[in-house]
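Chemist: One structure follows; several queries about it will come next.
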Amino acid sequence: MKVLITGGGGFVGSHLADAFLARGDDVFILDTGSVQKTRHLIGNQQFHYVRDSIFNIEILEGLIAKCDLVYHLAAVVGVEHYVGDPYEVLNVNVNGTQNVLKLAFKHQKKVVFGSTSEVYGRNPKVPWHEDDDRVVGSTRIDRWCYSTSKAVGEHFCFGYHRMGLPVTITRYFNVYGPRLDKLDVGRIITIFMGQVLRNEPLTVIGDGEQTRCFTYIDDCIRATMAAGIGSNTDGEVFNIGTNVETTILELAKTMIDIASSKSTIRFVTQESVYGTSYEDIPRRVPDTTKMETILGVKADTSLRDGLSKTIDWFRSANF
Ligand code: UDP
């Protein structure tokens, strides 16, 4: 099978490429970014990296026409972008997604759209079932642009599905693991990772009682593959994650412990990190029933195991 992964140069996409290549498939990546996360694949005859954009229609159409399955993971992700460049978030995540869906429809190729737990916003009623409400704030608050951009992408997916396109949506919950991001940037795990490896204080925002369900990349990839190649997935949306909830303070303590670091914990205000236009989500927990019953995957890697592997990788990698 030939698999196209837009955004395949990123964290989830690069691991997905590894998994499809390991199965013997051909993988085509379309990505504007760095080749760093896939450099270990260079030389593999079944791996093809096209460094271009989903806004280059000619290139995109050529790839979609040639592949059997399309994973659309290209997106602008990361809190710093939601508050720093909302235009780009909306443009890539909404208009870029339309390009992919339009061409997949033209060539009748199945699409898996990578969405996010952010679509639920700050709905206080956890765990979140796939059909639960989106609870988001005012459009005057930039941080909601990411949640909204992905929700619009999902609506487009359902619209195209009604017209006959096979499409599946995956909503990711705080996925982490090797190659997540550069140290000190991006998400909490890489921010804490830089601090823990240098024995510096870990910057816990607020009281650290906010929770996340940290999902190890291997579990995420098994579910993501099943969304593309399993049966009964067309027209469906799946939470992809563990339902084991961890407070940010617990995460900080666990990382210090596993890394045998001399780091301490420093409580900081949200404004000092993200400015005033940010609003944190107090709890984020998936209902994983659909993932387990239809995709047949349980995210069962424990936080300690996943963190150990991740810490080991960041220690040895020059990333
Ligand atoms: N956070 C923190 N210290 C930091 C960065 C983030 O305590 O230096 C917290 C943040 O307030 C949030 C959680 O970690 O509650 C997860 O943040 P992340 O940016 O990884 O993504 P999110 O899950 O909010 O999308």
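Bear in mind that the values in this text are calculations on the coordinates, not laboratory data. All values reported here derive from a predicted model rather than from experimental measurement. For neighbour counting, all protein chains shown are included, and Cβ atoms are generated from backbone atoms with ideal geometry for every residue, glycine included.
Chemist: Across 10 Å bins from 0, what is the distribution of all Cα-Cα pair distances for the chain, in whole percents?
Modeler: The calculated distribution, bin by bin, is 6, 27, 37, 24, 6, 0.
Chemist: A further question on this structure: If amide hydrogens are placed 1.01 Å from N in the peptide plane, which non-local residues have theirs closer than 5 Å to the one on residue 240?
Modeler: Those qualifying (amide H under 5 Å, at least 5 residues apart or on another chain) are 171, 172, 173.
Chemist: Calculate, in nm to one decimal, what residue 106 and residue 271 gain on full extension: separation in residues at 0.36 nm each, minus their alpha carbon distance. All intermediate terms of the calculation are to be shown ahead of the outcome.
Modeler: Numbers: separation 165, 0.36 × 165 = 59.40 nm, distance 4.61 nm.
Stretched out fully, the residue 106 to residue 271 stretch lengthens by 54.8 nm.
Chemist: Also, I was wondering about something else. Give me the Debye-computed log₁₀ of I(q)/I(0) at q = 0.13 Å⁻¹ for the range 202-286, equal point scatterers on Cα only, no solvent, two decimals.
Modeler: -0.60
Chemist: With label points built 7 Å along Cα→Cβ from the Cα atoms of residue 129 and residue 257, find their separation and express it in nm.
Modeler: With each label point 7 Å from Cα toward Cβ, the separation is 3.4 nm.
Chemist: Given the range 155-223, what whole percent of its Cα pairs are spread farther than 13 Å?
Modeler: Numbers: 1723 of 2346 pairs.
Summing the P(r) of the range 155-223 above 13 Å gives 73 percent of all pairs.
Chemist: Next up: Mind checking the log10 I(q)/I(0) for the range 169-319 at q = 0.09, 0.15 Å⁻¹? Debye, one equal scatterer per Cα, no solvent, two decimals.
Modeler: Each listed q maps to, in turn, -0.31, -0.80.
Chemist: Ok, one more. Could you tell me which of the pairs 66/110; 2/109; 2/110; 125/290; 150/182 are separated by over 20 angstrom between their Cα atoms in the structure shown? Don't jump to the answer; show the numbers that get you there.
Modeler: Values: 66/110 12 Å; 2/109 11 Å; 2/110 12 Å; 125/290 18 Å; 150/182 24 Å.
Cα-Cα > 20 Å for 150/182; rest within.
Chemist: Per residue of the range 67-76, what does 6.51 cos²θ - 1.76 cosθ + 1.60 with θ = phi - 60° give for ³J(HN,Hα)? Whole Hz please, x for Gly and Pro, Karplus curve as stated.
Modeler: These are the phi-based 3J(HN,Hα) values: 9, 9, 9, 10, 9, 9, 10, 5, 6, 8 Hz.
Chemist: Could you work out [θ]222 nm for the chain from helices alone, using -39500 (n - 2.57) per DSSP H run of at least four and dividing by all its residues? Round to the nearest 500 deg cm²/dmol. The partial results should precede the final answer.
Modeler: Details: 11 runs with 117 residues, N = 319.
Only helices count here, giving -11000 deg cm²/dmol.
Chemist: Any chance you could give the angle, 0 to 90 degrees and rounded to 10, that helix 188-197 forms with the longest Cα principal axis of the chain?
Modeler: Relative to the chain, helix 188-197 is tipped by roughly 50 degrees.
Chemist: Another question, then. Hey, how many Å between the Cα centroid of the range 282-319 and the Cα centroid of the range 1-45?
Modeler: Cα centres, the range 282-319 to the range 1-45: 20 Å.
Chemist: Follow-up. As a test of the definition: which semi-axes, in Å, follow for the range 248-319 when you take the square root of five times each eigenvalue of its alpha carbon gyration tensor? Largest first, please. Numbers along the way, then the final one.
Modeler: On the way: eigenvalues 143, 103, 29 Å².
Semi-axis lengths for the range 248-319 are 27, 23, 12 Å.
Chemist: Once the cut-off is 24 Å, how many percent of the Cα-Cα pairs in the range 28-171 end up in the long-distance tail?
Modeler: Numbers: 3726 of 10296 pairs.
The calculated P(r) of the range 28-171 puts 36 percent of pairs beyond 24 Å.
Chemist: Let me ask something else about it. Residue by residue, what Karplus-based ³J(HN,Hα) values in Hz, rounded to whole numbers, does the range 217-231 have, using 6.51, -1.76 and 1.60 with θ = phi - 60° and x for Gly and Pro?
Modeler: Working through the residues one at a time gives 3, 4, 5, 4, 5, 4, 5, 5, 5, 4, 4, x, 10, x, 9 Hz.
Chemist: For residue 128, list long-range residues whose amide hydrogen, built 1.01 Å from N in the peptide plane, is under 5 Å from its own amide hydrogen.
Modeler: The answer is 285, 287.
Chemist: Tell me, what HN-Hα J-couplings in whole Hz come from the Karplus equation 6.51 cos²θ - 1.76 cosθ + 1.60 at θ = phi - 60° for each residue of the range 137-149, using x for Gly and Pro?
Modeler: Once rounded to whole Hz, the list reads x, 5, 5, 6, 9, 4, 4, 7, 5, 5, 3, 5, 4.
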